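Visitor: Pasting a structure here, questions to come.
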Amino acid sequence: MTRTGKIARLPQALRDELNQRLQDGRKGVELVQWLNGLPEVQAILAAQFQGQPISPVNLTEWKQGGYPAWQREQAKREGLALFVEDSRRLLGLGQDDLAGHMARFLSVNMALELQRLDAMPDGPEKSKTWREMLGSLVLLRRGNFQGERLVLEREKIGLRREWHKKEREAEFWQWSQQPENRGKILQSLLTPEQNKEEIERRKAETQRKMKDALGIE
């Protein structure tokens, strides 16, 4: 919305400085005197407002319109600055982390839009904007729930995989303890020379056991 008041016609730098002083809690009388004492302000008032000075009423109107708009813009810029700063880490984020980061960014911007909506006068335009905001909030929440559900599902899948892995390991070790399978394992792991030595060792071990059983020395 284009503003046409005396303060709105001032240069951007002056408006920003005024807004900053308002944010710092400076008194209205002091601000009016400061503005009317500036040569550049006097030149604008003489050229566009027949030299009429800025009044406390003009400042009040600005505090109800231009100043809140500046506050919202500052908040949005700060949010965007934080987003850009955080985005430097995005190359190292996974897809899920990136989606969560974007959801937080959207939440911040929607909160700023809700502030703007609250400042709007009641009427059809406010009602329409409110319905649109509600729809966006529903979609955002639905996306959050969907993301949380996916995380839970992946955790469940991870637990099932871990359980199956341990189950397979237990089955393998049970299988490997059987004599006929131990030979297969050793045969696949040993070199031909080592296999030959292992066969001779087993043969000797078998003969020793038979002699022990028969009492032969």
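Visitor: Mind listing just one residue for me: the one in the stretch 1-28 that is in contact with a helix residue (DSSP H, G or I) (Cβ under 7 Å, 6 or more places away or on another chain) and modelled with pLDDT under 90 and, of those, nearest to Ala69 (Cα to Cα)?
Guide: Result: Arg3.
Visitor: Scan the stretch 141-151 and give yes if some residue there is modelled with pLDDT of 75 or more, surrounded by fewer than 12 Cβ atoms within 10 Å (Cβ to Cβ) and either closer than 30 Å to Arg201 by Cα or among the basic types (Lys, Arg) (or both), otherwise no.
Guide: No; the residues of the stretch 141-151 include none that is modelled with pLDDT of 75 or more, surrounded by fewer than 12 Cβ atoms within 10 Å (Cβ to Cβ) and either closer than 30 Å to Arg201 by Cα or among the basic types (Lys, Arg) (or both).
Visitor: Answer with yes or no whether Gly92 is exposed (fewer than 15 other Cβ atoms within 10 Å of the Cβ) and modelled with pLDDT of 65 or more.
Guide: For Gly92, the condition - exposed (fewer than 15 other Cβ atoms within 10 Å of the Cβ) and modelled with pLDDT of 65 or more - is not met.
The values are calculated or read from the model by the stated rules, or taken from the named source; none is laboratory data. The shown structure was predicted, so the numbers you read here are calculated from the model rather than taken from an experiment. Methodologically, a virtual Cβ is constructed for each residue, glycine included, from the backbone with ideal geometry; neighbour enumeration extends over all protein chains shown.
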